[in-house]
Amino acid sequence: MSAVASEHEHTDDHHDHGPAKGWMRWIVTTNHKDIGSMYLIFALIMFFVGGTMALIIRAELFEPGMQFVEPQFFNSMTTMHALVMVFGAVMPAFVGFANWMIPMMIGAPDMALPRMNNMSFWMLVAGILMLASTLFMEGGAPASGWTLYPPLVLQTGDALPFAVFSVHLLGISSIMGAINIIATILNMRAPKMSLMQMPLFVWTWLITGFLLIAIMPVFAGAVTMLLTDRFFETSFFDAAGGGDPVLYQHIFWFFGHPEVYVMILPTFGIASTIIPVFARKPLFGYSSMVYATASIAFLSFIVWAHHMFTVGMPISGELFFMYATMIIAVPTGVKIFNWTATMWKGAMTFEAPMLFSIAFVVLFTLGGFTGLMMSIAPVDFQYHDTYFIVAHFHYTLVPASVFILMAGGYFWIPKWTGKMYDERLARLHFWLSAISVNILFFPQHFLGLAGMPRRIPDYATQFSDWNMVSSIGAFIFGFSQLMFVYIVIKTIKGKDCADATDEVWEDAAKHGLEWTLPSPVPYHTFATPPEKIPTEHF
Amino acid sequence: MSTNNEYYIPHKATWPIVGTGGLMIMLAGFANYLNGSSIGSGMMMLGLSIFIVMLGGWFTLQATESEAGMYNKGVGISYRMGMMWFIFSEIMFFAVFFGTLWYTRNLSVPWLADEITGSTLWPNFEDVWPTNGPGNRGGDYEPMGAFGLPLLNTLLLLSSGVTCTWAHHGLLEKNRDQLIKGLAATVGLGFLFVACQALEYHEAYVDMGLTLGSGIYGSTFFMLTGFHGLHVCIGAIILSVVLFRSWKGHFTPENHFAFEAAAWYWHFVDVVWLGLFIFVYLM
Ligand code: HEM
Ligand SMILES: [Cu+2]
């Protein structure tokens with residue numbers, strides 16, 4: 001025993017020391033809180049990079065005709081906007097929350113595999129750098145849409161192999177992150193906490209982790225085949241050699257549909273954590289929430305071809321994918337009703353995290369309903385590849401995933417920094433966002449139903465009015481988000497901000513272990529597992 | 001200060017950033033090479049070297065810590081979970097290519113030859129397997145038979161699975177000699193497999209006209225067997241490291257995560273080969 005201890009003295013690892021000094025701290029850190037912060041800051045930066053691209057798109061679409069950019073560059077913008085937002089902003093932001101909160105929620109000293117945790121983050125940076133580098137290449141960034149369909153994507157210039165390898169790096173990052181999260185949840189829980197006592201954010205990440213490990217290799221395989229088709233003479237997606245471009249679509253969407261759930265399941269988790277605290281009631285239907293999450297995850301693997309109704313499938317396939325897709329609405333509905341029932345007769349207050357969460361429940365429902373409309377195969381022939389699709393998935397991603405990311409930020413930042421954020425400004429941020437997001441995306445339903453195709457830089461004049469409205473909403477929404485940065489920086493600096501109590505929110509300690517820790521939370525927490533598990537959340 | 005009962009949490013990891021940098025330089029180099037840039041191959045070699053240095057350094061660190069008794073049971077469980085989920089991700093990666101083979105054989109090739117597409121576009125194209133498509137991509141070729149090198153390779157890999165398990169028994173029964181012999185045999189059989197596969201590829205390219213460019217048959221054949229061969233190489237290298245560590249006296253019946261991980265990986269590679277032998281060669 002003492003031999004072990006003295007051996008340990010020689011390495012530079014001491015258990016109870018604080019962060020390393022200087023900027024190297026951030027490069028070599030294995031601390032889940034440091035890594036969580038890096039993920040969150042990186043995601044926020046990427047949110048603005050992707051947002052700038054979106055505003056370029058909306059500026060061009062403000063009026064019919066070509067105003068600002070070349071069509072090729074316009075298409076690069078739609079492609080890069082989506083890839084940056086999905087892989088650079090939303091996913092990393094949720095991994096950031098997972099890093100920060102999961103060990104604190106389950107009473108663990110850190111993540112299960114801290115060195116790999118560091119590597120996941122840097123792989124993400126490497127992947128995004130590689131992706132961003134394609135913007136400056138001969139032939140421009142990929143302009144095929146984020147789905148990277150062949151044969152179109154094979155016409156990309158020098159950017160193609162870089163885009164493919166960036167997907168590989170991002171995949172490695174996600175898989176390592178997911179493995180780490182699963183191992184942490186299954187192996188590092190406080191001994192007193194059973195699986196069915198875990199907060200829902202932890203549950204949803206457990207399932208999301210599984211999804212990620214199952215699908216990222218699939219996407220990696222698909223883009224590898226693009227690479228070999230372009231450079232090594234294979235014919236996977238080339239009918240003349242016996243292959244089939246539609247095969248790519250099947251593989252992509254086998255990845256792609258669960259991928260959208262990777263972005264929404266942790267959203268559900270955070271919403272289920274916030275709503276009970278501000279409704280001052282336990283979460284309604286804890287176990288049904290868990291089962292609904294698991295069913296959604298399972299179903300997400302058998303619905304992929306609802307993205308391909310118009311591609312030419314046997315009628316039996318159309319029917320199968322139509323009904324399977326509709327079934328997803330059932331567990332999703334269970335969740336919506338549970339959140340509503342949680343609020344029912346609760347002693348609600350409307351701080352910023354709650355406002356964003358309520359908006360999420362309402363607006364996500366809207367996105368779910370349009371999804372249900374599109375799941376009807378014959379009707380989707382009309383909607384497919386129009387702005388209706390754009391409206392659908394933006395309702396599920398922006399006022400859902402992004403709103404909940406904001407909610408989570410406001411909810412936990414007092415715990416992280418020990419300071420309360422500026423509630424007045426945060427509510428202003430909420431109202432500006434909630435109103436402008438609808439000005440931005442609601443008219444896109446009308447445009448889509450009237451037949452405006454997606455991914456085009458110019459359009460027929462009958463679409464002018466609603467496009468103008470949408471663009472105005474986009475600029476208000478985009479600039480409103482700068483408020484978030486301002487509020488966050490102000491809270492971190494902490495000069496004019498009130499001190500946060502340990503519990504932060506009234507009676508929060510009943511809802512989760514993280515609220516039993518001091519604010520700001522120390523660098524190392526739960527060196528020994530907690531004895532008492534709060535039980536209010538289930 | 002960490003004690004044996006505590007979950008070991010390392011501070012300051014320097015290898016991850018080195019590995020990430022190496023991998024990024026390597027891939028950027030490869031991309032440049034594919035685009036015909038002259039700096040490509042140099043960058044690739046540089047990146048690869050950095051990556052190999054990282055692997056060596058990181059594994060040495062882990063082995064040292066493990067032998068120093070810094071990993072308790074909890075750490076061991078985390079590592080095992082990590083390895084299991086990693087193998088699951090590998091299974092999904094292979095599933096893509098098996099799925100591709102299934103899809104083309106059962107759906108897209110028949111569609112290309114059916115009365116709708118076939119009679120209008122390619123009247124002479126028939127639904128047979130193997131095929132290099134209606135465009136006769138890559139010219140005439142001879143398909144790869146199952147009996148001969150592939151069957152030999154099946155036997156080699158299956159016996160390597162046996163020797164690997166035999167080595168494990170040696171380890172559990174504190175029979176170091178059996179452990180080392182078993183591992184050496186496994187590694188040897190593994191590399192022999194790779195050599196036979198190289199021979200098979202040589203025959204295909206030189207004598208049979210079968211290349212990666214031979215339509216969908218060549219594409220699926222070489223992608224599946226090629227990625228598998230790459231995994232055999234990786235597995236054999238991991239096993240070599242484990243062999244070296246066993247020879248240095250590492251591992252006890254209670255504490256031998258590296259051995260277990262390598263063995264799991266090896267069995268996974270083995271099972272994939274069985275799938276290949278059935279679906280690529282036999283059927
Ligand atoms: C009730 C649940 C849902 C249903 C029934 C549903 C259904 C659909 C259908 C049928 C399409 C394809 C439309 C077409 O291209 O013609 C689609 C597209 C899409 N959905 Fe959903 N969806 C649901 C929830 C979600 C969620 C939760 C997300 C993300 C968080 C999401 C993100 C997307 C995206 C990104 C696309 C467009 C992909 C593209 O073509 O680029 N959906 N959805
Ligand atoms: Cu989908």
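Annotations for the structure displayed:
- Length-normalised contact order for chain A - Cα pairs under 8 Å, 6+ apart - percent: 17 percent
- Å² of accessible area per residue within the protein assembly as shown, as computed with a 1.4 Å probe and no ligands counted: 38 Å²
- One decimal place: the segment residue B:282-residue B:49 gains 80.0 nm when fully extended, by the rule 0.36 nm per residue minus the C-alpha distance.
- Contact residues in segment A:176-205 (at least 40 Å² less accessible area with all protein chains than alone, 1.4 Å probe): A:179, A:187.
- Protein accessible surface hidden between B and A, which excludes ligands and nucleic acids, total in Å², probe 1.4 Å: 6300 Å²
- Calculated SAXS-style log₁₀ I(q)/I(0) at q = 0.16, 0.18, 0.26 Å⁻¹ - segment B:175-239, Debye, Cα scatterers: -0.60, -0.70, -1.05
- If you wrap segment A:499-538 in the convex hull of its Cα atoms and look at it from every side, the mean projected area works out to 3.1 nm².
- Distances between placed amide hydrogens fall under 5 Å for residue A:419 paired with A:500, all partners being 5 or more residues away or on another chain.
- Sorted peptide list for A:122-130, B:59-67, criterion being average Cβ within 10 angstrom, highest first: A:122-130, B:59-67
- Mean Cβ neighbour count within 10 Å, used as a protection proxy, ranking B:27-33, A:372-378 highest first: B:27-33, A:372-378
- Evaluated at q = 0.06, 0.08 Å⁻¹, the base-10 log of the normalised Debye intensity for the protein assembly as shown, with identical point scatterers placed on the Cα atoms, takes the values -0.41, -0.74.
- Over segment A:284-355 - Rg/Rh using Cα atoms and the Kirkwood inverse-distance radius: 1.18
- Members of segment A:237-259 that become less accessible by 30 Å² or more once partner protein chains are added (1.4 angstrom probe, chain alone as reference): A:239, A:240, A:241, A:242, A:244, A:247
- Dipole of the protein assembly as shown, positive end: most advanced residue of B:182, A:126, B:16 [Cβ charges, Cα centre]: B:16
- Under the combined filter of DSSP loop state and at most 13 neighbouring Cβ atoms within 10 Å, segment B:170-210 retains these trypsin sites (Lys or Arg not before Pro): B:174.
- For segment A:211-285, radius of gyration divided by Kirkwood radius, i.e. Rg to Rh on alpha-carbons: 1.32
- Translational diffusion coefficient (Stokes-Einstein; Kirkwood radius from C-alpha pairs) of segment A:52-164 at 20 °C, 1.002 mPa s, in µm²/s: 133 µm²/s
- For segment A:374-481, taking Cα atoms only, Rg and Dmax work out to 17.0, 54 Å respectively.
- Cα pair distances exceeding 15 angstrom across segment B:1-71, given as percent: 61 percent
- Stretching residue A:496 away from residue A:231 to a fully extended chain increases their span by 89.5 nm, per 0.36 nm per residue minus the current alpha-carbon distance.
- Proximity of backbone amide H atoms, modeled 1.01 Å from N, is registered between residue A:244 and A:237, A:238 at under 5 Å, excluding neighbours fewer than 5 places apart on the same chain.
- For the protein assembly as shown, the Cβ-based charge dipole about the Cα centre amounts to some 1880 debye (Lys, Arg positive; Asp, Glu negative; other atoms uncharged).
- In segment B:217-231, comparing the full protein assembly with the chain on its own, the residues that lose 30 Å² or more of accessible surface at a 1.4 Å probe are B:219, B:223.
- Dipole axis of the protein assembly as shown (+1 Lys, Arg; -1 Asp, Glu on Cβ), positive-most option in A:196, B:216, A:294: A:196
- Within the accessible area of segment B:1-71 (1.4 Å probe), percent carbon and sulfur: 72 percent
- Three semi-axes of the equivalent ellipsoid, segment B:73-282, Cα gyration tensor, whole Å, largest first: 41, 18, 11
- Given chain A, longest segment not containing exposed loop trypsin sites (Lys or Arg not before Pro) (DSSP; at most 14 other Cβ within 10 Å): A:22-191
- Signed unit charges on C-beta, dipole axis of chain B, positive-most listed residue B:199, B:45, B:268: B:45
- Volume per residue that the Cα convex hull of segment A:310-448 spans, once the total is divided by residue count, Å³: 123 Å³
- Here the accessible area is traced with a 1.4 Å probe on the protein chains. For segment A:162-254, carbon and sulfur cover 67 percent of it.
- The convex hull of the Cα atoms of segment B:127-246, projected and averaged over all directions, covers 8.0 nm².
The values are calculated or read from the model by the stated rules, or taken from the named source; none is laboratory data. What you see is a predicted model; the values in this text were computed from it and never measured. Positions of Cβ are generated from backbone atoms using ideal geometry, with glycine treated the same way; all protein chains shown enter the neighbour counts. To get the accessible areas, we keep the full protein, side chains included, count just its heavy atoms, and leave off ligands, DNA and RNA. Shrake-Rupley method; radii C 1.70, N 1.55, O 1.52, S 1.80 Å.
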